[in-house]
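Data block below; observations after.
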Amino acid sequence: MGSRIMTMKKQAVELGRIRTGYSRPNPKPKGRPIPVRSETFIFTSHSRDYVAAAAEQWGGKVEGWTPQNSKIEQFRVITKAREIRAIMPSGDPLSQAYEMWTGGGCARRCDGEREQKSGQPCLCLAQYGPEWHRRSAREVCRPTSRISVMLPELPDLGVWRLDSHSYYAADGMAGSVDTVLQATGGASMMPVRMWIEQTTRVADGETKNFPVVKIVPAVPQLKHALSGPLSTAAALDPSSLVARPALEAAPAEMPDYLAEARGCRSAEAVREVWHKANRAGHVRRDGTDDLSRDLMQISRDVEAGIDPRTGVVDDDQDDTGPDSEGVYEGEVVEDGEGGDEPPTAYPAAAWPEVTQPGGGAQ
């Protein structure tokens with residue numbers, strides 16, 4: 001039976017990074033590379049296949065790339081996508097801190113109240129006061145947000161990490177993620193929409209333009225994000241959360257009324273077949289449709305002694321012989337117009353007038 005180290009973080013493999021900026025060479029021989037803010041997402045990875053898949057999905061050209069302060073070449077694509085869809089894994093995928101980095105690595109990491117490496121209260125606040133965040137990034141810690149997401153359109157199971165040093169992005173990310181965690185308890189994945197929004201800030205008479213990454217749950221309706229954990233299928237296809245209308249039942253197959261009528265032994269039985277079709281809405285009430293005319297013709301054939309199945313005339317219908325005791329069947333003659341016989345269920349008058357003999361049916 002498998003086991004885990006309880007004090008070790010359990011996290012998915014990092015396949016690459018999502019970035020919102022890059023650097024270009026400085027024209028000065030000894031100058032540092034010049035940072036450039038991107039209006040579209042950038043994907044970098046040690047695997048060319050991953051970057052090529054991102055280029056195929058969101059456009060751009062795959063190129064070799066070496067990060068600053070590193071000698072290990074990676075691959076990069078500056079895509080054409082200002083917005084992407086991703087899946088936020090279960091648990092808390094967001095890590096935030098005020099950090100200061102030097103050539104030797106991370107020198108400070110603070111939660112805004114206590115610096116974690118030294119265990120002392122916030123060093124920036126103690127040194128520069130409440131407005132410390134207005135000072136240069138070379139002097140104080142920078143807000144750093146790291147969020148890991150899965151990209152369902154790209155190969156393999158793992159996460160892509162987005163790093164941001166924007167104060168406004170940090171605030172928005174924390175709000176979105178905490179809302180999702182409150183609703184799901186971190187027990188399920190959540191589809192999200194990520195986009196780069198150009199933001200303007202005016203301070204001390206100076207206007208600054210900068211990109212901010214926004215992340216929000218990508219669900220058809222807000223209630224889907226706040227109704228508890230989602231299934232994996234729903235995270236992969238949020239549209240499945242919308243109730244689809246039930247499929248309409250296929251129309252019932254129309255009975256073969258002609259075959260049924262050809263099996264009748266009397267015109268009255270044929271008329272009953274027509275009334276059956278009429279109740280089902282398969283013939284017109286005025287009898288002007290083809291099926292009504294065909295049924296009327298079968299009725300005439302039956303009355304004339306013609307077998308509607310073969311077209312053969314029964315010439316012996318009036319020459320029936322005696323029964324086994326030598327008795328001939330008597331002919332019943334009605335007394336008057338109606339006689340004493342009860343009316344049939346569907347008398348001749350029940351046919352639509354236009355389809356009765358002499359009624360003009362063609």
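The values are calculated or read from the model by the stated rules, or taken from the named source; none is laboratory data. It should be emphasised that the depicted structure is a prediction, and the values quoted were computed from it without experimental measurement. When we count neighbours, we look across all protein chains shown, and the Cβ atoms used for this are built from the backbone with ideal geometry, even at glycine.
Details
- Among residues of region 166-204, those that are part of a loop (DSSP other than H, G, I, E, B) and free of Cβ contacts under 8 Å to residues at least 24 places away in the same chain, counted: 1
- Residues of region 270-288 that are within 23 Å of GLY311 (Cα to Cα) and either of a type outside the set (A, V, I, L, M) or in contact (Cβ under 8 Å) with a residue 24 or more places away in the chain (or both): VAL270, ARG271, GLU272, TRP274.
- Only listed residue being assigned by TED's automatic domain parsing to the domain that holds PRO152, closer than 18 Å to ARG161 by Cα and free of Cβ contacts under 8 Å to residues at least 12 places away in the same chain, chosen from THR40, THR66, THR44, THR20: THR66
- Output for region 29-38, where each listed residue is exposed (fewer than 12 other Cβ atoms within 10 Å of the Cβ) and closer than 23 Å to ILE215 by Cβ: PRO35, VAL36
- Among the candidates ASP163, ASP156, the residue that is closer than 16 Å to TRP195 by Cα, acidic (Asp, Glu) and at pLDDT 90 or above is uniquely ASP163.
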